[in-house]
Amino acid sequence: MRIPFLSIFIASPFEGLQEHAEKVKECAWTFQQAIECHIEKKCESFTRFAKEISMLESEADTIKRRIRGHLPKGTMLPVDKFQLFRYLREQDLILDAVEDAVDWISYRPEPGIPEEVAEDFILLADQAVAPIEELNIMVTEARKYFTNFSKKQRLIVKKIIHNIRVMEHDADTTEDMVKQKVFTSITDPVMVFHLIRLSETIGFIADHAENAGDMMRAMIAE
C-alpha cells in the first residue's frame, strides 16, 4: 500500500521542540522567583521553588527523550537531524544551568546575598533569563518557517536570533560588573568564591540561549 506523501511529515519533532521550549521558559521564570526569594532570605519558599525547578527539568527531560526516540525511518525533516539534536542539546543545557545555580545557592547553610551586591544579582538573573523569552518566540516562528520556507519568515527568525545575541552580551557585561564589585566590596574569601561561581553559573543560562540561537541560525541557513 502506498503511504500518502504528507504522512511522512506527521512525526516532525518541531512540536516537541516547542513543548520543550515552554518548559525551559517556565523553569526560567521560576528561577527568577527563586533568586529573589533567596536574596530576601525566605528559605522555605526557596526550597519550594527549587523543587518546582527540579520537577520542570524532569518533565523537559521526558520531552527530550521523546523527541530523540520518536523519529522513525522515513520521516522527512526540513533540517539535518544532527543540527536538530545539537539545537535541542543547547536548549536543554539552559535547564541544567538553572538547576546548577539553584543547587549552588542551596550549598550555603545561610540564605541571602550581601546587600552590597544583592540588586546586581537580581539584575544579572533578569538579564540571563531575558533571552529565554525570545528563544520561545524563535521556536514558534521557526516552526512557521519550516512549514512555508518564506524569506519573510526567515528574516523574522534571524531578527530574533540577533535579539538573543544582544541580550546575551548585556548579561555578559553585567556578569563582569558583578564580579568586579564582588572583589572590591566583599572581604570574606568564602563568600567571594561562592558569589563569583554563582555569577558565572547564572551567566551560563544566557550563554546556552545564545548557542541555541546559533544552532537555529545554522538550521535556517540557505
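The values are calculated or read from the model by the stated rules, or taken from the named source; none is laboratory data. A quick note: this is a predicted structure, and the numbers were derived from the prediction, not measured. All Cβ positions, glycine included, derive from the backbone under ideal geometry; neighbour counts span all protein chains shown.
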Check your understanding: Mind checking whether some residue in region 89-97 is over 23 Å from HIS194 (Cα atoms), surrounded by fewer than 19 Cβ atoms within 10 Å (Cβ to Cβ) and at pLDDT 90 or above?
Key -> yes
**Study point:** Test for TYR107: is it over 12 Å from the mean Cα position of the chain (by Cα), surrounded by fewer than 17 Cβ atoms within 10 Å (Cβ to Cβ) and either aromatic (Phe, Trp, Tyr) or within 14 Å of PHE14 (Cα to Cα) (or both)
**Key:** yes
Practice item. Among the residues of region 161-190, write down those that are among the aliphatic types (A, V, I, L, M) and part of a helix (DSSP H, G or I). Key: ILE161, ILE164, VAL166, MET167, ALA171, MET177, VAL178, VAL182, VAL190
Review point. Which condition does ASP120 not pass, out of (1) of a type in the set (D, E, K, R); (2) touching a Lys or Arg at 6+ places or on another chain (Cβ under 8 Å); (3) under 29 Å from PHE82 (Cβ atoms), if it passes all the others?
Key: (3)
**Study point:** ASP126 modelled with pLDDT of 95 or more, surrounded by 18 or more Cβ atoms within 10 Å (Cβ to Cβ) and over 17 Å from LEU88 (Cβ atoms)
**Key:** no
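Report whether or not ILE220 is in contact (Cβ under 8 Å) with a residue 24 or more places away in the chain and of a type in the set (A, V, I, L, M, F, W, C).
Yes.
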Practice item. Could you please let me know if SER45 is at pLDDT below 90, in a helix (DSSP H, G or I) and polar (S, T, N, Q)? Key: yes
Review point. Touching an Asp or Glu at 6+ places or on another chain (Cβ under 7 Å), of a type in the set (A, V, I, L, M, F, W, C) and either surrounded by 13 or more Cβ atoms within 10 Å (Cβ to Cβ) or touching a residue at least 60 places away in the same chain (Cβ under 8 Å) (or both), is that true of ILE137?
Key: no
Review point. Do the conditions hold for VAL166, that is, is it within 22 Å of the chain's Cα centre (by Cα), crowded, with 16+ Cβ neighbours inside 10 Å, under 30 Å from VAL79 (Cα atoms) and not small (Gly, Ala, Ser)?
Key: no
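From the list ILE113, ILE205, exactly one residue is more than 27 Å from PHE14 (Cα to Cα), β-branched (Val, Ile, Thr) and either part of a helix (DSSP H, G or I) or at pLDDT below 95 (or both). Which is it?
Just one listed residue meets the conditions, ILE113.
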Review point. Among the residues of region 62-78, is there at least one that is within 16 Å of the chain's Cα centre (by Cα), under 18 Å from GLU168 (Cβ atoms), of a type outside the set (Ser, Thr, Tyr) and assigned to a helix (DSSP H, G or I)?
Key: no
Study note, to complete from the structure: Of the residues in region 135-160, those that are part of a helix (DSSP H, G or I), more than 21 Å from CYS27 (Cβ to Cβ) and of a type in the set (S, T, N, Q) come to THR147, ASN148, GLN153
Exercise for review: Output yes when any residue across region 183-198 is closer than 24 Å to TYR87 by Cβ and not charged (D, E, K, R), and no when none is.
Suggested key: no
